[in-house]
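Right, one structure below, let's go through it.
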Amino acid sequence: KCVPRDRIRHWGELPDGARAPLEIVLLAKVSSGCAGVIQLLEWVELPNSFLLVLERPERCQDLSGVLAERRFLPEEEARGLFRQVLEAVRHCSSCGLKLIDFGCGAFLQDTAYTQFAGTLSYSPPEWIHHQRYHGEAATIWSLGLLLYHLVMGKHPFRRGQEIIWGRVLFPRRLSQECQDVIKRCLSMRPLDRPSLQDLFHHPWLQGVHLP
């Protein structure tokens, strides 16, 4: 991966004290200990850019490509994939990271975030109302959107106003347990959303065999 120097907005410091783009700092921090996180093998600084050498998993396909081909995933398949995502999120959180992707991630903080980097349709309602959000609550909201997209093949909200309304529709083919996970994650009040650990203990996510 090549990152032009003039597109780098945030910098950080590596354990050896070297200054590097924040994306490299974050990847270096989480690159071991979780199969669901791509490893940073090496990076090189060039005059006008940075080169990142990343792990290339075997037999992989971009999730957006899968959904484009198949529209949505069967619930059982989505359950296994969602559990893998939870494992990756837990690993990143344990390393002190909040992620949209590594290109616009940040270190976790106890206070509210007042900047949102990402697609507006994925922002939580508290951001639309108050232009601020807390890391874990926003992460859980994003996980609810992801799961809905996996099993429905589309985003539950088409514009910001629909996020505030919070109305989510489900087909009969989805189990009540799956619907419950999504509803809880997409609670309008941040305090009503489950914690990451609560999700791991939800009945719908029990008995999942990870690859």
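The values are calculated or read from the model by the stated rules, or taken from the named source; none is laboratory data. Here the structure is a predicted model, which means the values were calculated and not measured. Here the Cβ is made from the backbone with ideal geometry for all residues, glycine too, and neighbour counts use every protein chain on show.
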Review point. Tell me, which residue of the range 176-195 that is surrounded by fewer than 16 Cβ atoms within 10 Å (Cβ to Cβ) and not basic (Lys, Arg) is nearest to the chain's Cα centre (by Cα)?
Key: SER195
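One line per residue, one yes/no per condition, for (1) of a type outside the set (Lys, Arg); (2) at pLDDT 95 or above; (3) surrounded by fewer than 21 Cβ atoms within 10 Å (Cβ to Cβ); (4) touching a Gly at 6+ places or on another chain (Cβ under 6 Å):
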{"site": "HIS130", "(1), (2), (3), (4)": "yes, no, yes, no"}
{"site": "GLY135", "(1), (2), (3), (4)": "yes, no, yes, no"}
{"site": "ALA138", "(1), (2), (3), (4)": "yes, no, no, no"}
{"site": "LYS154", "(1), (2), (3), (4)": "no, no, yes, no"}
{"site": "ARG158", "(1), (2), (3), (4)": "no, no, yes, no"}
{"site": "ARG167", "(1), (2), (3), (4)": "no, no, yes, no"}
{"site": "ARG172", "(1), (2), (3), (4)": "no, no, yes, no"}
{"site": "PRO203", "(1), (2), (3), (4)": "yes, yes, yes, no"}
Review point. When LEU73 is evaluated against the numbered criteria (1) assigned by TED's automatic domain parsing to the domain that holds LEU108; (2) surrounded by fewer than 13 Cβ atoms within 10 Å (Cβ to Cβ), which criterion, by number, is the only one it fails?
Key: (2)
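Here's the yes/no breakdown for (1) of a type outside the set (S, T, N, Q); (2) assigned by TED's automatic domain parsing to the domain that holds GLN179; (3) touching a His at 6+ places or on another chain (Cβ under 6 Å); (4) under 27 Å from HIS209 (Cα atoms):
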site	(1), (2), (3), (4)
ALA20	yes, no, no, no
ASN48	no, no, no, no
ALA78	yes, yes, no, yes
LEU97	yes, yes, no, yes
Exercise for review: State all residues of the range 35-67 that are in a loop (DSSP other than H, G, I, E, B) and closer than 21 Å to CYS92 by Cβ; if no residue qualifies, say none.
Suggested key: ALA35, GLY36, VAL37, ILE38, GLN39, GLU55, ARG56, PRO57, CYS60, ASP62
Practice item. From LEU191, LEU169, LEU145, grab the single residue that is assigned by TED's automatic domain parsing to the domain that holds TRP127, assigned to a helix (DSSP H, G or I) and either out of contact with any helix residue (DSSP H, G or I) (no Cβ under 8 Å at 6 or more places or on another chain) or more than 22 Å from LEU63 (Cβ to Cβ) (or both). Key: LEU191
Study note, to complete from the structure: Taking the range 87-125 and the residues there that are surrounded by 19 or more Cβ atoms within 10 Å (Cβ to Cβ) and part of a helix (DSSP H, G or I), the one that is modelled with the lowest pLDDT would be PHE102
